[in-house]
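*Asks:* Input: one structure, supplied below.
Quick note: the coordinates plus some simple rules give every number you see, no bench work behind them. Because the structure is predicted, anything quoted here is derived from the model rather than measured. Cβ coordinates were reconstructed from backbone atoms using ideal geometry, including for glycine residues, and neighbour counts include every protein chain displayed.
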Amino acid sequence: MAEVALNDEQQDVVRRYVAVWRRWRQGIRGFADLEDHMEQRHAVLVDGIAVDNRPGRPVIAGDAKDGKFHAAIFGNDDGAIPDMTADELAQARRYILHGQGGVPIRKWRELKLVPRTRITDRHDEPPPTLPPAA
């Protein structure tokens, strides 16, 4: 396995990428061992984040679990994440790549959890009709 030693600035980019991913994307990813993987110089960090320490290249070379998020941040693909506005995406890029500004906060635009059934007190319902005993 190839070793990739990231300097402090490059590690900060990875940390900011993970922080923004957690706020903007749905799903569960195993980022608990991120610091250990960077310290051990893994070329592919937790949950499929591939890193590159060569000058002039993006620190995060790819994201096996969320290629669209990677493309939006490092590939300047403005259409990769349709639920981010242009301003939110620009803020995310500034924060992740340069550490400027704050972590962009997701503004929920639609309520995802809409109850489909009315919740009632079970005591308000009549008891079920049972068949006669044989």
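*Asks:* Farthest toward the dipole's positive end in the chain, which of Ile105, Ala50, Trp21, given Cβ charges of +1 (Lys, Arg) and -1 (Asp, Glu) about the Cα centre?
*Replies:* Result: Ile105.
*Asks:* Once you keep just the Cα pairs under 8 angstrom separated by 6 or more residues, what percentage relative contact order results for the chain? Before the final figure, lay out each step's value.
*Replies:* Numbers: 129 pairs, mean separation 28.1, N = 134.
Rounded, it is 21 percent for the chain.
*Asks:* Rank these for me by crowding, His70, His42, going from fewest to most other beta carbons within 10 Å. It would help to have the intermediate numbers written out before the result.
*Replies:* Details: His70 23, His42 20.
So the ranking, lowest neighbour count to highest, is His42, His70.
*Asks:* Once amide H atoms are built 1.01 Å from N in the peptide plane, which residues 5 or more positions from Ala61, or in another chain, come under 5 Å H to H?
*Replies:* Amide H to amide H, under 5 Å and 5 or more residues apart or across chains, Ala61 pairs with Ala50, Val51, Asp52.
*Asks:* Fewest Cβ neighbours within 10 Å first, please rank Asp87, Asp33 accordingly.
*Replies:* On the way: Asp87 9, Asp33 14.
The fewest-first ordering by Cβ neighbours comes to Asp87, Asp33.
*Asks:* Let me spell out the model: positive unit charges on the Cβ of Lys and Arg, negative unit charges on the Cβ of Asp and Glu, origin at the Cα centre of the chain. What dipole size does that give, in debye rounded to 20? It would help to have the intermediate numbers written out before the result.
*Replies:* Numbers: 20 positive and 21 negative charges, 83 e Å.
Dipole magnitude for the chain comes out near 400 debye.
*Asks:* What list do you get for Ile81, Ile96 if you sort them by fewest beta carbons within 10 Å?
*Replies:* Numbers: Ile81 19, Ile96 25.
Placing the least packed residue first, the sequence is Ile81, Ile96.
*Asks:* If you don't mind, there's one more thing I want to ask. At 222 nm, what helix-only mean residue ellipticity would the chain give, in deg cm²/dmol to the nearest 500, using -39500 (n - 2.57) for each DSSP H run of four or more?
*Replies:* Theoretical 222 nm ellipticity from helices: -8500 deg cm²/dmol.
*Asks:* Going from the alpha-carbon gyration tensor of segment 8-98, what semi-axes, largest first and in whole Å, does one get by taking the root of 5 times each eigenvalue?
*Replies:* Working: eigenvalues 86, 43, 26 Å².
Value: 21, 15, 11 Å, ordered largest first.
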